[in-house]
Amino acid sequence: PAQNMIACATVALVDQGNETTEETRTSAYDGPDHLWERGWILQESVLSSRRLSFGKWMSWKCTMARGTVMRPVLRARSNAANDGFASEVEKLRMWIFAPARMREAPRQSWLRWNQFDSWYAVIEKYSTMNLTYVSDYLPALSGIAQLLQQACHASYAAGLWIEDLQIGLTWYVASDGESTVPLRVDIVPSWSWVAVGKVRIKFRSWPSNSIHVIAEGLEVLEASCEPKIPLNPYGDIKIGRLKVRTRLRKALLRYESGYTSGRFKYNTVSGSQYPLFGNHDDREQPRFPCPVLGWELKQVIIGEAALDTPIHPRQQLADSLDVSCTNESNHPALSEKEVWCALLHVQEKKERHQLTALVLEPVSGSLMVYRRLGLLFLNDHSWFGLGPGGLDMPSEAIGASMEVIELV
């Protein structure tokens, strides 16, 4: 019932001798705020100049002021340019409508804080919201994407931005147990977060204390996206291709039946001799983690992959500790897959390096054309042929090479 969705308010005049004051008495609705469960609401919230919301309580917002039924007198509204605690939605809104103010806003010199970071944070929130039709995934953001492109003069491609693909391609399927990820996804392009369907995603998190991205990673040479509806280049994509130059190296994905449940505890890999490597971040919880081994030394784990879909029919979710349903008589306890790893970027802090790479498989019948399988996290920069200070190591010693490849 509608009356259960809003707060109730009464206004009373209270006589206090020589003065009469006005009091607002309210009772807030204690149930869930269904407003922010729906995917289309995000775009409406960002783009509306005035908004009256009926949720936990009634609230009013415009670009200059805000008020609620609890405090109906309008108050000046702070914004993301002067409020460090502003929501990511508000930050994105400011990047759209006041990009110059956002660029001029004071912040620490080492802090990366731009329109792309706000976009990624909002996409993470958007991925948890509900859509009746998965086909609305990009259309429900098309208005925001169009205005952000116009405000910041960036190039949009299937939910990402060409100018920032070193970071933008670092999305992965996050750990949750509610939504279903199909074993095989045919949505294109594979390098966009849209390809995995309506599941919760995250972008590679990294500490903000003086870590910066250095430029040994992926370089975009060409990018093209053909929309299904030509009049809406911000909607569904028919074909999407990236031509990039990057460091490429062959590796081996290894599925072990006990790996995911053991890894969730962040100690050792259950049922194996592999210790958990030390480059993980407690905020990084991929749904389908999988060890990656060096191709030449196949018993040495060089990092961990966050897969877009499971490579094994019985692979457990990272947040599911119940493996009783696994039938090892029908499915092997161990399976392996040859893959190629393409370096995206390197994060550097003092002597510590954190690398993020794409995990790829070749497209059958095509030369140097690959489809994305997931991400690789590792901290050995020498594995990609990078020495101290980013200097190249001898190629014959490391097996990695600079290549021009195509991603579809």
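Here are some notes:
- Each peptide in 217-225, 161-169 was scored by the mean count of other Cβ atoms within 10 Å over its residues; highest first, the order is 161-169, 217-225.
- 25 Å Cα-Cα threshold exceeded, pairs from LYS125/LYS250; LYS198/LYS228; LYS91/LYS238: LYS125/LYS250; LYS91/LYS238
- Computed accessible area, PHE97, all protein chains, 1.4 angstrom probe, square angstrom: 120 Å²
- Karplus-derived HN-Hα couplings along the range 235-245 (A = 6.51, B = -1.76, C = 1.60, θ = phi - 60°), whole Hz, x at Gly and Pro: x, 4, 10, 8, 9, x, 9, 10, 10, 9, 10
- Put simply, the convex hull of the Cα atoms in the range 89-155 casts, on average, a shadow of 5.1 nm².
The values are calculated or read from the model by the stated rules, or taken from the named source; none is laboratory data. Please read all numbers here as calculations on a predicted model, not as lab measurements. Because the Cβ atoms are built from the backbone with ideal geometry, glycine has one as well, and the counts that use them run over all protein chains shown. All accessible areas refer to the heavy atoms of the entire protein, side chains included, with ligands and DNA or RNA removed. Shrake-Rupley method; radii C 1.70, N 1.55, O 1.52, S 1.80 Å.
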